[in-house]
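Novice: Sharing a structure with you now.
What follows draws every value from the coordinates through simple rules; no lab data is involved. If you're wondering where the values come from, they're calculated on a predicted model, not measured in any experiment. Virtual Cβ from ideal backbone geometry, glycine too; neighbours counted across all protein chains shown.
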Amino acid sequence: MKYPRLEISLPKITHNTKVVVGICRKYGIEVVGVNKVSCGSFEIAQAMVNGGVEIIADSRLENLINIKDINVKKMLLRLPMISAVEEVVEYADISLNSELKTIKKISEIADRKGKVHNVVLMIDVGDLREGIFKEDDVFKIVKEIIKLKGINLLGLGTNLTCFGGVIPTEDNLGKLISLKNKIEDIYNIKLNVLSGGNSSSLHLIQKGQQIPKGINQLRLGTSLILGTIEVTNSIIQGTHRDAFRLIAEIVEIKQKPSKPIGKIVNDAFGNIPVFKDRGIRKRAICAIGKQDIDLNWMKSEDKDIIILGGSSDHLILDITDCNTNYDVGDKIIFILDYVAILKAMTSQYVNKVYLQEG
Ligand SMILES: *Cc1c(COP(=O)(O)O)cnc(C)c1O
């Protein structure tokens, strides 16, 4: 078997999806399964579909193309590049948009292909990533969109917590609802979808919170694969936290001092490292590094292992306190968080293994 290896439990992803879809259904919210962390994995998209999602979303077109044969609606999350609109119309049923110039191009191409493309207009309610910021501009753009052929204005959406770290609240999501009502009144149209953000919006269905009535869609990635709600640092009851397990092989074990010897300048990544002197410790090196993982977003299944750091291709562990007597060639298991999963999935040096059971 090839190492390092990322084991992905498809039943756990399906299970997590079922749990979250079930919770959201109670609030009248449809779940869009966001698959971008996996680089558009066909297997993971299918696992989410098996868990009950009816739309799969991704930020990259390549990833949507990869899952084109799965019989589910596809949504493009990142605002389309004008240069890629031809493929957007071909491979996405829905896209998130904020620029009239782009939407006009989509219209032109959809009309030529005899298709109708669904547009969710993105509104920036404060996180300052994508979306229309000024209310006046929203009305101006809607007025133009509804004239366009080949375009169905499906609804409004927003994204929070990704750039500015702003959390979703009744207040900022409320803005989306009042905008929808105004647009429906002024233009005498119906907006069917209010897409109220990503996994961070799930904290509004937790105790003492309320998700504003009218929000009827959430686009969820993190919560489906990890079962976590990061805003409140909590775990959704009944979900699995360990659908992704990374297994790396030990290539060296030696007793060494805990402080490097000699004058210290920068490490390989330009930082000046600081080490606590804990005397002589037993250390292990695993054959994986920062090119494949993010050391701040993972922990070992063996709680007694301390991750000391790493370089591009080496992971340095302190195994002094372990009950297991590790040897060179043994494997160490890590549970990954979002950022580490993203890097491991993206690294061609990590062997991905899909588990159909367990
Ligand atoms: C990534 C992304 C999501 C999903 O985010 P999670 O926090 O993983 O649920 C939703 N919407 C947009 C626009 C995104 O880019």
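Novice: Would you be able to tell me the number of residues in the stretch 186-214 that are in contact (Cβ under 8 Å) with a residue 60 or more places away in the chain, more than 12 Å from the ligand (Cβ to nearest atom) and within 18 Å of Leu77 (Cα to Cα)?
Specialist: So the count comes out to 1.
Novice: Still on this structure, I have one more. Show the residue pairs meeting these rules: Cβ distance below 9 Å; 6+ apart or different chains; first residue within the stretch 315-339 and within 16 Å of the ligand (Cβ to nearest atom); second residue of a type outside the set (Lys, Arg) and assigned to a loop (DSSP other than H, G, I, E, B).
Specialist: Between residues of the stretch 315-339 that are within 16 Å of the ligand (Cβ to nearest atom) and residues that are of a type outside the set (Lys, Arg) and assigned to a loop (DSSP other than H, G, I, E, B), the close pairs are Leu336/Asp242; Leu336/Ile293; Leu336/Asp294; Asp337/Asp294; Tyr338/Gly221; Val339/Ile293; Val339/Asp294.
Here's the yes/no breakdown for (1) over 18 Å from Met298 (Cβ atoms); (2) surrounded by fewer than 17 Cβ atoms within 10 Å (Cβ to Cβ):
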position: Leu224; (1), (2): yes, no
position: Thr228; (1), (2): no, no
position: Ile235; (1), (2): no, yes
position: Asp242; (1), (2): no, yes
position: Ile250; (1), (2): no, no
position: Lys259; (1), (2): yes, yes
position: Ile264; (1), (2): yes, yes
position: Gly270; (1), (2): yes, yes
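Novice: Quick one: which residue in Leu173, Leu191, Leu179 is outside any strand (DSSP E or B) and farther than 21 Å from Ile55 by Cβ?
Specialist: Leu179
Novice: Does Ile225 qualify as being within 27 Å of Pro11 (Cα to Cα), within 16 Å of the ligand (Cβ to nearest atom), β-branched (Val, Ile, Thr) and free of Cβ contacts under 8 Å to residues at least 12 places away in the same chain?
Specialist: no
Quick grid of which residues meet (1) assigned to a helix (DSSP H, G or I); (2) within 16 Å of the ligand (Cβ to nearest atom); (3) buried (at least 18 other Cβ atoms within 10 Å of the Cβ):
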site: Val85; (1), (2), (3): yes, no, yes
site: Leu96; (1), (2), (3): no, yes, yes
site: Thr102; (1), (2), (3): yes, yes, yes
site: Lys105; (1), (2), (3): yes, no, yes
site: Arg112; (1), (2), (3): yes, no, no
site: Lys115; (1), (2), (3): no, no, no
site: Val120; (1), (2), (3): no, yes, yes
site: Arg129; (1), (2), (3): no, yes, no
site: Asp136; (1), (2), (3): yes, no, no
